[in-house]
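Written out below as structure tokens is the structure these notes cover.
The values are calculated or read from the model by the stated rules, or taken from the named source; none is laboratory data. This is a predicted model, so every value here is computed, not measured. Here the Cβ is made from the backbone with ideal geometry for all residues, glycine too, and neighbour counts use every protein chain on show.
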Amino acid sequence: MTERTIAAARASDLAPSALAEAFAAVVGPEHVLAGFEERLGYARDRLPYAVFRERIGELAGVVPQLAVRPADAGEVARVVRLAHERGIRLIPYGNGSGVLGGAIPLGGEVMLDLRRLDGIVALNPTDAMVTVRAGMNGAAFEKALNEAGFTTGHLPQSIEISTVGGWAACRGGGQASSRYGKIEDIVVGLKAVLPDGTPIEVRPVARRSVGPSIRDILVGGEGAFGVITELTLRIWKKPEIERGVVLAFPTLAASLDAARDIMQAEIRPSIVRLYDAVESADRTAGIALFKAKPFLAVLAFAGCEPLVSTEQEMALAIAARHGGEVGPSDPYDHWLANRYVAYSQKWHAAGYFNDTIEVTGNWSVLPGLYAAIDAAVRAIHPKLHFGAHWSHVYPEGACQYMTIRLPPMPEAEALPLHARLWEAVEGLTLDHGGSIAHHHGVGLFRNPWLRRELGAGLDLLQTIKDAIDPGNLLNPGKLGLRPAAGAVDIRHG
């Protein structure tokens, strides 16, 4: 056990009453959470490493000083300004659905819970845009758009447990990104609060040429450069038709080649999912076709006629040239019914060490990247589960999403192995010219590889951070940026 056990934290805890009163003057006493158990709920997000620690009564980070729940953008600005004046660190918090520790407090922080910033502000069908407050739940947001006849096109697996602001802060990607793009392609404008409490707005206009994108400092900034309070997003008409197709391929290479040719033919399926041998077998058991052609692919087409049928016909013709054969719809039906289900929790509850890592690569490197990672991680433990699928598919390449799972064992044995798995995957991805993250973001768990990923770009980000947040008060230590003085260090293994 370490000094950061939950029991020790509870025994020695003393919430700062004077600070609580100062924030209460801004948001009201009922919206300042000072009780230990309330604050303990903010001590981690869904980072698997933090889950592993919590299972044995330990913390990955620390319990925050307080949690503060502002009602609107004005209160956010006043809270941030107060924190700036008093030298208090803040972590913007959506719903804690991130899996890389981006919301984990490392020492002395106050959590800035944004979920009261809820609801759609305006729906503009003429300009095909919607303005929404950052704390709105993703599923509630999409449901409201659907009822009005629209979709945002951003449908992450975490949609039921994430916020719209969180999507933007982590530069997330939804399951239909091959058609609609990732969140950075969907955000047209936003409002935010800078680290000193200054409001800033990126107006939602149809493109611009006025220097570098201010929007992109905040979209993907994970709360280190500002607190997003409102977003204006592109919307599309809710598809009249959504049609799924299951394909069986003779080899993994054939399925990857087919997906590349489909995307480069300017066809835009809403869903493209390709599975390796392990994940294909899990999803096609009992289907005779897959005994001869064991690699599963799922495509879906959305929109109106004749576009849907035309895209489907063209895509299937390309797939056939690569040996793809249409199969029963069962795998697609199962995926559709469970598309927002997170399976990791059942493995965690059973004592396994389950994690997911998503990277990206261009088509030219994906086969070699997968083979290298597959060999490297399987050599780390004989009972390791490793499987991969490719989704978020684009003309230039795709996201390779991998599940790694170690069997139950003592934490002291598992965590060094877990660290080696991350080092193998991220290191080999960079060796092959890929990117170490597609849509989960950086948080703090990817910090060790940010220098190789960004090079001098990391220095540029640090320069911007130092200029607008000289006290290093807004979500310090994340995104590979400088940690705050005295912060705890979360090391792999």
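Which numbered condition trips up Ala419, out of (1) in contact with a His (Cβ under 9 Å, 6 or more places away or on another chain); (2) crowded, with 18+ Cβ neighbours inside 10 Å?
(2)
Could you say which residue among Glu142, Glu147, Glu54 is farther than 25 Å from Ala15 by Cβ, acidic (Asp, Glu) and surrounded by fewer than 19 Cβ atoms within 10 Å (Cβ to Cβ)?
Within the list Glu142, Glu147, Glu54, the selection yields Glu147.
Considering only residues that are under 18 Å from Phe141 (Cα atoms) and surrounded by fewer than 24 Cβ atoms within 10 Å (Cβ to Cβ), which ones fall in the range 76-112?
Those that are under 18 Å from Phe141 (Cα atoms) and surrounded by fewer than 24 Cβ atoms within 10 Å (Cβ to Cβ): Asn95, Gly96, Ser97.
Given the conditions (1) modelled with pLDDT under 95; (2) more than 19 Å from Asn124 (Cα to Cα), and given that Arg207 satisfies all but one, which numbered condition is not satisfied?
(2)
Having 3 or more residues that are of a type in the set (Val, Ile, Thr) is the bar; report the helices (runs of 4 or more DSSP H) wholly within the range 382-493 that clear it.
Result: 456-468.
Hey, can you tell me all the residues within the range 332-348 that are within 23 Å of Ile380 (Cα to Cα) and small (Gly, Ala, Ser)?
Ser344
Output yes when any residue across the range 244-251 is crowded, with 23+ Cβ neighbours inside 10 Å, part of a loop (DSSP other than H, G, I, E, B) and hydroxyl-bearing (Ser, Thr, Tyr), and no when none is.
Within the range 244-251, not a single residue is crowded, with 23+ Cβ neighbours inside 10 Å, part of a loop (DSSP other than H, G, I, E, B) and hydroxyl-bearing (Ser, Thr, Tyr).
May I ask you to list pairs of residues, at least six apart or on different chains, whose Cβ atoms are under 7 Å apart, with the first in the range 206-235 being of a type in the set (Lys, Arg) and the second being not in a helix (DSSP H, G or I)?
Arg215/Val187; Arg215/Leu190; Arg215/Val202; Arg234/Ala128; Arg234/Met129; Arg234/Val188
For the range 224-243, give me each residue that is under 15 Å from Arg179 (Cα atoms) and part of a strand (DSSP E or B).
Once the filter is applied, which keeps residues that are under 15 Å from Arg179 (Cα atoms) and part of a strand (DSSP E or B), the range 224-243 yields Arg234, Trp236, Lys237, Ile241, Glu242, Arg243.
Quickly run through the range 254-308 and pick out the residues that are in contact with a Phe, Trp or Tyr (Cβ under 9 Å, 6 or more places away or on another chain), exposed (fewer than 14 other Cβ atoms within 10 Å of the Cβ) and either outside the structural domain of Gly324 (by TED's automatic domain parsing) or not acidic (Asp, Glu) (or both).
Gln264
Of everything in the range 138-154, what is part of a helix (DSSP H, G or I) and either farther than 21 Å from Ile271 by Cβ or of a type in the set (A, V, I, L, M) (or both)? Give them in sequence order.
Listed by number, the residues that qualify are Ala139, Ala140, Ala144, Leu145, Glu147.
Could you count how many residues in the range 313-345 are among the aliphatic types (A, V, I, L, M), crowded, with 19+ Cβ neighbours inside 10 Å and outside any helix (DSSP H, G or I)?
The number of residues fulfilling the criteria is 0.
Quick test of your reading of the structure: Pro476 fulfils all but one of (1) closer than 27 Å to Ser344 by Cβ; (2) in contact with a strand residue (DSSP E or B) (Cβ under 7 Å, 6 or more places away or on another chain). Name the failing condition by number.
Looking at each condition in turn, Pro476 falls short on (1).
Can you name the residue in the range 314-346 that is at pLDDT below 95 and of a type in the set (A, V, I, L, M, F, W, C) and is also farthest from Val99 (Cα to Cα) among such residues?
Result: Val341.
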